[in-house]
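The block underneath contains the structure these notes are about, expressed in C-alpha cells.
The values are calculated or read from the model by the stated rules, or taken from the named source; none is laboratory data. Fair warning: this is a prediction, and the values are worked out from it, not measured in the lab. Heads up, the Cβs are rebuilt from the backbone with ideal geometry, glycines too, and the neighbour counts pull from every protein chain shown. All accessible areas refer to the heavy atoms of the entire protein, side chains included, with ligands and DNA or RNA removed. Shrake-Rupley method; radii C 1.70, N 1.55, O 1.52, S 1.80 Å.
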Amino acid sequence: MYRALFLGLVLGSGMLWAGAPMDLNSPFFKIALVKGVAGAVEDREVSKAKIIGEKIELTKSQGVVALFPVSDVVGLLPKFPDGGIVYQLKDVDEAIRFLESLPTELKQRPEASAEILQKWKGLRKPAKETDEKRREEEKREQQEKLKQEESKINDWMKDVADFQKPRSEADLAQIREQGQKFLEFKIGDERKVRDGLALLAQVVGKEKGGPLPDLLKLNEIQPKLVADDLLVWVAVGVLAISFFGLLIGFSFTASGLTRFREGAILGGIVFGGVGIAVLVGIAKIWWPIGGEGEAVRLTVSPEMERVVTFAKNSVKPVYFFPTMEFRVSSHDFATGLLASLPPSEEAAGMFKGKLKEGKLWIAKDRFIWSQPVTALGIPLPVSFTFEGKIPSPESWKEITPEKISLGKVVIPEPLGSAFIDSIKTVFQGGLSSGGFSGIQAKASEEDKLIVSTPSSGQKSTIEANNSYRKKITAEDLAKIFTENKGAEFNGKFIEIEGVVSRINSGSEMAGSISAGTGDALNKNEGLKSSDDQFDIFYLNGTETYGPRKDPLVIKLIIKSADIYVMDSYGDIYRGPNANIVKEKALIKKGYRVKFLKEGRVQSDKIKNNEIEVYGIEIDGDADIQCFDPSVSSPK
C-alpha cells in the first residue's frame, strides 16, 4: 500500500497531498491511479481534478466528469506534455519536485521513471527562455502603457492649465471626473493628478463669474527693471563728458578755422584736429549699435501668458497653482519674459536714473541687447550694448555677455566685468520681482522648450475615489485585485461576505477526514483541532484568472476554538464530531456568508490564485450571518 500523507499544501509547490500524492493544480494533463472494482489500479488520463468533501472530481479532456471516493485514488501524477499546454518554468519545477518526492513504489510508474524525469528536466531551458520572453514582452507592454498614460495625463493637465478659458460648470465637472478616474484606476503620476484636481477645485463656471474671479489680483504684481547705480553713474559721466566735449570740440574747431583764415596753417591744423577728434569720439559714444535687420518684437504668446501668471502667483499667492509644464518655442520664451519685464517708470537714486525699453537682436546662437539709460531728468538716453552667446535652456538665467560697448566704444576689462555684473543684477532683480527666477527650462525632442513653473499657494485636500472600503464582498475584492489596486487594501482590515466553495479544516490538517452521514463523525477518535493549524474557508472570487483560467478565491484564515468540516454535499458543520443527519448545518451550500468580525488583507498581490485574509474570528453563531443569495443581504 502507498503511504498516507497529511492533507495540506506542499510548501513552495502547487501540488496537493491528500492521503495520496496528488497533482491538483498544475496545468499539465494527469494520470489518475484509480482502484477498480476488483481492486486493481486503473490508469485514467484527466485534464483537471478537484476534491469535494470525500469525493474527487476528475475531468477528462473531452469534458466528461467522473466522481470517485478520495480513498479510491492512490495517486494523481503529472503527465509529460506532448504539446498544446501553456505552462511556465515554475510549473515544470513543481512537477519535478513532485515526481522526485514520490514514494519508492510510485517511482516505478512510467510517468515517474528516471527517463521521464530527465525529460522533465530538459523542459526547464525552453520554459526559462519562454518565461524570459514573456517577461520582456510584459515589460514592453508596461512601458508602452506608461507612455500612453503619461500622454493622457499631459493632455489632461494641458486642459487643466488652460484655467483662464471660460467654461461651464458641466465642462468643469467632466474634466474633474476624468481626473478622479485617473486616481481610481492608478493612471499616471498620482501627485500630478491630485495637483490638477486641486487647481480645478478653485475654478468656477462662467455662469458663476469664473473661471478664477480673484485672478485680477495678480495684476498688482508688476515686475520692473530698475537701473543699477553703475549704469546710471556711467550715463551721468557720458552726459557730462558729452556736454563739455561738445564745448571743447566746437571751441577747438572754431579756433582752428579762425587760425586758417589768419594764415596760421599749423595752428589751424592742430586746434581743428583736436576739436574734430573730440567730436568724433563723442559721436562714437552716441552712435546707435544693433544687430542686422529689425529688432525682435517683444510680445507675450498665449502659452507664455499662462507661464507668467503661474510665476506671478509664487510672489503673492492668490490661488493654488501646481508645478506645471508648458511647451513653448525658445523665441516665445525669450520675448515673453522680456515683454513681461518693462523698465520702471520711476527714477531711482540721486541722479534720477531710469531704464528705457531695450531692443533685442538674435542671430543664430548669439544675441545683442541694447539697453538705453537716462539720468538727471535728461530724456536723451545713453545706450549700452551687450553681446554674447545664447545659453542652454537649462542655464537660461545665467546670461553672461561677452562684449559691452557704449555706442561703438568697446569697454575694456576689468571695467567690462563690472558692467556684466551690473546688467545681471538688473535682470535678476526683475526676474525675482515677477517670480520668474523659479522657472526651469529644458530642451525637448521637438523644436520647443519644456518650461516648468514651481508650485505655489495653499493646496486644498482632494479625496480620491479610493477603492478601499471596510465592508466588501468577495467578488468585489477579487475584481479590485485583478485591476491591480490591491495596494489600497494591503494591511487593512475588512469585513467580508461571499459564498464558501471549500474548506480546509484544522482537524483535516491534524489527520482526520471530512464529515459523513450516520453517527457523529470521528466519535471514537476524539480528535481535536491542532494548536498550530487554522481552519481555512475559500470564498468564490472570479470564475477564471491568469493564464490557466483557474478560479480566483479569497482565502480566509479562521481563528476559532472550534473546527469546521464540509460534508460530501457541500454543507459546513461545526466538527470534528458532526452528525450531519441530526444536526443543522452551520453554512448551507450556495448560501452567502457575512463574516461579522474583521480580518487583515495580507498582501497587495494575488498569489497562487488566492487573496489571503488573516485572522477572522468565529467564536459562535453570532459571528456569521448566512442568507439565501436570492434575497437581499441582512443589515
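Please express the shape of segment 267-394 as an equivalent ellipsoid: the semi-axes are the square roots of 5 times the eigenvalues of the C-alpha gyration tensor, given largest first in whole angstrom. Present the calculation step by step, with values, prior to reporting the outcome.
On the way: eigenvalues 321, 80, 19 Å².
In descending order the semi-axes read 40, 20, 10 Å.
Within the set Lys186/Lys471; Lys479/Lys588; Lys356/Lys424, which residue pairs have Cα atoms separated by over 18 Å? List each step's numbers first, then the result.
Numbers: Lys186/Lys471 22 Å; Lys479/Lys588 25 Å; Lys356/Lys424 16 Å.
With Cα atoms farther than 18 Å apart: Lys186/Lys471; Lys479/Lys588.
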Summed side-chain charge close to Val409 - residues other than Val409 whose Cβ falls under 13 Å, Lys, Arg +1, Asp, Glu -1: +3
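Per residue, how much space in cubic angstrom lies within the convex hull of the C-alpha atoms of segment 51-138? List each step's numbers first, then the result.
On the way: hull volume 11.9 nm³, N = 88.
Value for segment 51-138: 136 Å³ per residue.
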Roughly how many Å is it from the Cα centre of segment 360-374 to that of segment 312-357, as a whole number? 17 Å
Distance (nanometres) between label positions extended 7 Å along Cα→Cβ at Val204 and Ala170: 2.1 nm
Excluding same-chain residues fewer than 8 positions from Lys582, which lysines have a Cα within less than 23 Å of its Cα? Lys55, Lys523, Lys528
For segment 325-413, radius of gyration divided by Kirkwood radius, i.e. Rg to Rh on alpha-carbons: 1.01
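On a full-extension model of 0.36 nm per residue, what is the gain between Asp82 and Asp623, subtracting their alpha-carbon distance, rounded to one decimal in nm? Please report the intermediate quantities before stating the final value.
Working: separation 541, 0.36 × 541 = 194.76 nm, distance 5.04 nm.
Stretched out fully, the Asp82 to Asp623 stretch lengthens by 189.7 nm.
I'd like the Kirkwood hydrodynamic radius of segment 299-356, using the inverse of the mean 1/r over distinct C-alpha pairs, in Å.
Working: mean 1/r = 0.0751 Å⁻¹.
13.3 Å is the Kirkwood radius here.
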Simple spin-label model, 7 Å along Cα-to-Cβ: Lys186 to Ser437 in nm? 4.2 nm
Where segment 182-281 is the region considered: accessible area per residue in Å², 1.4 Å probe: 54 Å²
Total formal charge among the other residues, if their Cβ is under 12 angstrom from that of Lys133, Lys/Arg +1 and Asp/Glu -1: -1
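So if R0 is 56 Å, what FRET efficiency would Lys139 and Gln62 give, r being the distance between their Cβ atoms, rounded to the nearest 0.05? Write down the numbers at each step before the final one.
Numbers: r = 39 Å, r/R0 = 0.69.
Result of the calculation: an efficiency of 0.90.
Show me the helices of the chain, taken as full DSSP H stretches, that run 18 Å or more along their long axis by Cα and average 1.6 or above in Kyte-Doolittle hydropathy.
Values: long enough: 124-161 (54 Å, -2.40); 169-184 (22 Å, -0.92); 229-261 (47 Å, 1.49); 265-286 (31 Å, 2.10); 415-433 (28 Å, 0.64).
Both cut-offs are met by 265-286.
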Calculated FRET value between Phe243 and Asp365, using beta carbons and R₀ = 51 Å, to 0.05: 0.80
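Run the helix sum for the chain: -39,500 (n - 2.57) per DSSP H stretch of 4+ residues, divided by residue count, reported at 222 nm to the nearest 500 deg cm²/dmol. Write out the running numbers ahead of the final one.
Numbers: 12 runs with 195 residues, N = 635.
Result for the chain: -10000 deg cm²/dmol, rounded to the nearest 500.
Kindly state, as a whole number, the per residue volume in cubic angstrom of the convex hull around the alpha carbon atoms of the chain.
Values: hull volume 162.6 nm³, N = 635.
Normalising the Cα hull of the chain by residue number yields 256 Å³.
With viscosity set to 1.002 mPa s at 20 °C, what whole-number translational diffusion coefficient in µm²/s follows for segment 124-195 from Stokes-Einstein and a Kirkwood radius over Cα pairs?
Once the numbers are plugged in, D ends up at 148 µm²/s.
Defining a contact as two alpha carbons under 8 Å apart and six or more residues distant in sequence, what relative contact order in percent does segment 23-145 show?
Working: 158 pairs, mean separation 27.2, N = 123.
Reported relative contact order: 22 percent.
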Sorted largest first, the C-alpha extents of segment 560-608 along its principal axes in whole angstrom are 43, 23, 20
Using only alpha carbon pairs under 8 Å that are at least six residues apart, calculate the relative contact order of segment 81-213 and give it in whole percent. 22 percent
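Take the residue pairs Lys181/Lys208; Lys312/Lys359; Lys145/Lys470; Lys470/Lys605; Lys133/Lys192 and return only those whose Cα atoms are more than 28 Å apart. Intermediate values should be presented prior to the final figure.
Values: Lys181/Lys208 26 Å; Lys312/Lys359 24 Å; Lys145/Lys470 31 Å; Lys470/Lys605 18 Å; Lys133/Lys192 33 Å.
Cα-Cα > 28 Å for Lys145/Lys470; Lys133/Lys192; rest within.
How large is the dipole of the chain about the Cα centre if only Lys and Arg carry +1 and Asp and Glu carry -1, each at its Cβ, rounded to the nearest 20 debye? Before the final figure, lay out the partial values.
Working: 86 positive and 88 negative charges, 214 e Å.
Using Cβ point charges on Lys, Arg, Asp and Glu, the chain gives about 1020 debye.
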The chain: relative contact order in percent, alpha carbon pairs under 8 Å with at least 6 residues between: 10 percent
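Rounded to the nearest whole Å³, what is the per residue volume of the convex hull around the Cα atoms of segment 359-488? Intermediate results must be reported in sequence, preceding the final value.
Details: hull volume 25.8 nm³, N = 130.
That works out to 199 Å³ per residue.
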Computed log₁₀ I(q)/I(0) - Debye formula, equal Cα scatterers, no solvent, segment 97-160, q 0.20 Å⁻¹: -0.82
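How fast does segment 65-114 diffuse by Stokes-Einstein, in µm²/s, taking the Kirkwood radius from C-alpha pairs at 25 °C and 0.890 mPa s? Walk me through the intermediate numbers first.
Values: Rh = 12.6 Å.
Roughly 194 µm²/s, to the nearest whole number.
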